[in-house]
Amino acid sequence: MKRTTRLAATALAGAAALTLTACGGAGTAGGDGGSGTTMRLALNQTEEHPSYTALENFGERFSETTGGRWAIDVFPNETLGAQQEALQLVGDGTVDMAIVSGTQLENLNEDFLVFNLPEVFDSVEHQMSVVHDEKIVGDLYASLEESNGVTVLGGLTQGSRSIYTTSGPVETPADLAGQKLRVQESDLHVAMAEAMGASATPMAFGELYTGLQSGVVDAAENNEVSYFTQKHFEVAPYWSSTNHLVGLDYLVVNTDRLAEMSQEDRAALDAEWTAAHEEHTELWASATEDAIAEAEAGGATFSEVDEEAFSAALEPLADQFIESDTQQTLFDAARAAAE
Ligand code: GCU
């Protein structure tokens, strides 16, 4: 889709979101006058992204297992708002569920920053085993219920993140000198960009295509799947495989909405969510391969970097940012699971 069309679609979607907001929380399942409840789920990815596929299937299965008592309606493309706003809307119950990046949760409880550190996770499999281990994450995931009205159910991987630029490939951190690198809205990721030699510009995901196109930023960092599905390769065709971070998204749900579920329906939600993140992990590897092939066909080039130079630059971040015993315990538990 051309950018102008995308923007027009976003404007329309924004209007739709306002209408929804005016209507308040969850609606009637199926819109057929049935007595079930439909929960709205905010997502900032396109319909081509594996998160959309896995979440759509999650919703269908949950509706089936509960005999239509519950349904989930997935709104892609930031139509219910960018992540920062979507998270607030889930907290106040206007929206029932959202997928938000770990960087957003770090802004509500700094303990979450541990899982946003470069090099905390060695692989997608390692990450998924940690973030779905109740013994490690139980308290963390319940920590936002009283303060913010949201419960964290678990994570979807963002895969391995690398840098891409508008002007040419990057081999070492020195090549990023003077380049404005877009990062997510997180102090840790601002420091991460600076450690990699760039100057950091925090920005919402949905603004990035025009940000790169207009030169507000020169570079960004993400996984291959978002690089392709967001069409960033059109405006920043130089991908450099820094693999500096295995990123993490979370499924957050309005805590009061969860409390409305019978025990049986809540158990069904948990079981279908487990199936959903497992399906997502399975889809991830082939989605990544497809994204690389499609971006290359669209003119992008993929280059290797001096990975050791990048990891040496990033290594001090853990010590710099881990301040409390809780953070240290989370970090140690994650690292222990890697060995
Ligand atoms: C990934 C991630 C998103 C996040 C985005 C970003 O695509 O899945 O949740 O918003 O990165 O860089 O903002």
Could you tell me how many degrees, from 0 to 90 and to the nearest 10, lie between the Cα long axis of helix 325-336 and the main elongation axis, the longest principal axis, of the Cα atoms of the chain? 80 degrees
Pop out the carbon and sulfur fraction of the accessible area of the chain as a percent, whole number, probe 1.4 Å. 48 percent
Helix 263-297: inclination vs the chain longest Cα principal axis, degrees, rounded to 10, gives 30 degrees
Most mobile of 112, 302, 58 per a Gaussian network model of the chain (Cα springs, under 10 Å)? 302
One checks the Cα atoms of segment 163-298 and finds Rg and Dmax, in Å, of 18.1, 56
In Å, what is the Rg of the alpha-carbon atoms in the chain, and how long is Dmax? 19.6, 61
Helix 50-65: inclination vs the chain longest Cα principal axis, degrees, rounded to 10, gives 20 degrees
Hey, what do the phi angles of segment 157-166 turn into as Karplus ³J(HN,Hα) couplings, whole Hz, using 6.51/-1.76/1.60 and θ = phi - 60°, x for Gly and Pro? 5, 9, x, 8, 9, 9, 9, 9, 9, 8
Contour minus end-to-end for residue 311 and residue 92, with contour as 0.36 nm per residue of separation and end-to-end as the Cα-Cα distance? 74.9 nm
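For segment 41-95, take N as its residue count and report Rg(C-alpha) divided by 2.2 N^0.38 Å.
1.18
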For residue 48, placing the label point 7 angstrom along Cα-to-beta-carbon and taking segment 257-287, residues whose amide nitrogen sits under 18 Å are 283-287
With unit charges on the beta carbon (Lys/Arg positive, Asp/Glu negative), name the residue among 181, 170, 197 whose Cα is farthest towards the positive pole of the charge dipole of segment 139-197. 170
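The values are calculated or read from the model by the stated rules, or taken from the named source; none is laboratory data. Worth saying up front: this structure is predicted, and the values here are computed from it rather than measured. Because the Cβ atoms are built from the backbone with ideal geometry, glycine has one as well, and the counts that use them run over all protein chains shown. Please note that ligands, DNA and RNA were not included when accessible areas were found on the heavy atoms of the full protein model with its side chains. Shrake-Rupley method; radii C 1.70, N 1.55, O 1.52, S 1.80 Å.
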